[in-house]
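The values are calculated or read from the model by the stated rules, or taken from the named source; none is laboratory data. Everything numeric here is computed off the predicted structure, so don't read it as measured data. Note that each Cβ is placed from the backbone with ideal geometry, even for glycine, and that neighbours are counted across all protein chains shown. For the accessible areas, the whole protein counts, side chains as well, though only heavy atoms, and no ligand, DNA or RNA atoms are used. Shrake-Rupley method; radii C 1.70, N 1.55, O 1.52, S 1.80 Å.
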Amino acid sequence: MNAWVLGAILICLPLRALAVPNAAEAPPTRVIVLGVDHAAQLVSPNDSPATLAAFLDRTKPAAICVERSPEAFARHSYYEFTYEIQDVIVPFARARGIALCPVDWAPPVEDARLGFGLDLESIPEVRPDKGFQAFLVFPKPAQLTRDIFHADTPSNLSNIHEWATTAAKRAGDDLPRRLYLYRTYLQAKRLVAAARAYAGETVVLVVGEFHKRDIEAILSDDASIEIVQPSAIGRPTKTQETKANSNAYRHAIASFNLLGVQAETGNIDYAFVEESVSGLVGSAPRAETELYRTRLDLLRKRISPEEAILRYQRIAASAEDARFSWTGVQDHDRVDSYFDPFGNLTVRQRALLESARECGAVGRKDEVDRVFDTISSELPPAKARQFGAYFSRYIRA
């Protein structure tokens, strides 16, 4: 048995014997491959965090496989953009004692540098305005109506299939496709290892929809596996979704849409966000909820910039230097997250920042400068440099 196959089995067998049943004797394992658009749960009510959690509950899985390599997963390290893994699936599984099986593969840093000229997970000090490593946004209206079973329809993935099966015109440009094929093949094989470890039970893989069809094709001839489409399990009821919902999900939805770069796109399902913010009203921390409410009222043009400034200033005056309930921040030595240029500021600092945004909109430039000086002076040098760059891009612009 290859070392990586054994590793995949071991990491998702914390409570089981190491012996794997003979595939010919064991009943088939139900394997459900749920294809997702990473972090789209934060913008689409039909594919929300609560919908995902309620769906997983319906599947009654013995194990859930996730898109991260065993080595990184063992360090509690996740991709920045996989909100659904670190904020929904992992807490869901651990609260219920469900095994977690990391199945991804990534090229060694040296190979990535050789092929692409950079470390694919290395983040520049200041993220670019667009392109690779830029802040995550969902700018297309169709992304707001995405359904949790979107990837079950083959025609929805036809462009992915065409790209994966068509070599680049220049062989020297074909590395991304070739790497994708190799990566997806290893994901499938690690999923097989998990399925054999849980013979006769249900194993769910939540993975980027790019990989779904190829993984299922690789597994299709394995008699020990029965592939079940997520849509065959059925959509959770509204009651089930309501039960699965939580303030943790509401904070993430509010933060991503109201404070993150997503707000700059204007592509927001306001009813979805309104429901999340309303669900937080009356819960602690109060200053954080009031900040969300003020930003939402402003974006919906229910209050003027001048009224928003007064509300932000009151929040700043009353808020302690507490962190937000959800930020998406992974590197706490940075001022940003993958979703928000200012994600690692405190609630007080963020209230001041939002007041500066509106002061700039009404021509009160001196107050903008004062806020910049105040927050900059409170940050260590590296964070201050990042803050200055983002402040110029998003506040003074």
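A few notes on this one:
- Helical mean residue ellipticity (222 nm; -39500 (n - 2.57) per DSSP H run of 4+; nearest 500) of the chain: -14000 deg cm²/dmol
- Largest first, the residues Trp163, Trp105 sort by 1.4 Å accessible area into Trp163, Trp105.
- In plain terms, the C-alpha convex hull of the chain casts an average shadow of 21.0 nm² when viewed from every direction.
- In Å², nearest 10: area of Ile85 left accessible to a 1.4 Å probe: 0
- Cleavage-rule hits (trypsin sites (Lys or Arg not before Pro)) in the stretch 76-144: DSSP loop, at most 16 neighbouring Cβ within 10 angstrom: Lys130
- For Glu275 and Ser318, the difference between the fully extended length at 0.36 nm per residue and the C-alpha to C-alpha distance is 13.0 nm.
- Peptides ranked, highest mean first, by Cβ atoms within 10 Å: ranges 219-226, 193-200: 193-200, 219-226
- Asp269 accessible area, 1.4 Å probe, all protein chains in place, Å² to nearest 10: 40
- Each of Val362 and Ser377 was given a label point 7 Å from its Cα along the Cα-to-Cβ line. The distance between the two points is 2.4 nm.
- Relative contact order for the chain, counting Cα pairs under 8 Å that sit 6 or more residues apart, in percent: 22
- Accessible surface, per residue, of the chain when the full set of protein chains is kept, probe 1.4 Å, Å²: 45
- Figure legend: label point modelled 7 angstrom from the Cα of Arg94 along Cα→Cβ; residues of the stretch 233-264 with amide N under 16 Å from it are 248-249.
- Residue among Val206, Gly172, Thr237 farthest towards the positive dipole end of the stretch 169-245, charges placed on Cβ: Gly172
- For the pair Ala167 and Glu264, the difference between a 0.36 nm per residue extended length and the Cα-Cα distance amounts to 31.3 nm.
- FRET E, pair Ser122, Leu181, Förster distance 25 Å, beta-carbon r, rounded to 0.05: 0.55
- Which of Phe210, Phe387 is most accessible, then next, and so on - probe 1.4 Å: Phe210, Phe387
- Taking the C-alpha atoms of the stretch 210-272, convex hull volume expressed per residue in Å³: 153
- Within the accessible area of the chain (1.4 Å probe), percent carbon and sulfur: 53
- Under 23 Å from Lys243, Cα to Cα: lysines that are on another chain or at least 8 residues apart: Lys60
- Full extension of the chain between Lys301 and Leu114 gives 62.3 nm of extra length, using 0.36 nm per residue less the Cα-Cα distance.
- Furthest towards positive pole of dipole, Val43, Ala72, Gln313, structure part the chain, Cβ charges: Gln313
- Histogram of C-alpha separations across the stretch 60-114, 10 Å bin width, %: 23, 52, 18, 7, 0
- Gyration tensor (alpha-carbon) shape descriptor, the stretch 139-258, a/c threshold 1.5: oblate
- Cα-projected label distance for Ala72 with Ala384, points at 7 Å along beta-carbon direction, nm: 3.3
- Of the listed residues Glu264, Glu274, the order by accessible area with a 1.4 Å probe, largest first, is Glu264, Glu274.
- Here Lys212 is the anchor, and the aspartates and glutamates within straight C-alpha reach of less than 19 Å, apart from those fewer than 8 places off in the same chain, are Asp37, Asp47, Glu67, Glu84, Asp104, Asp147, Asp152, Glu162, Asp221, Asp222, Glu226.
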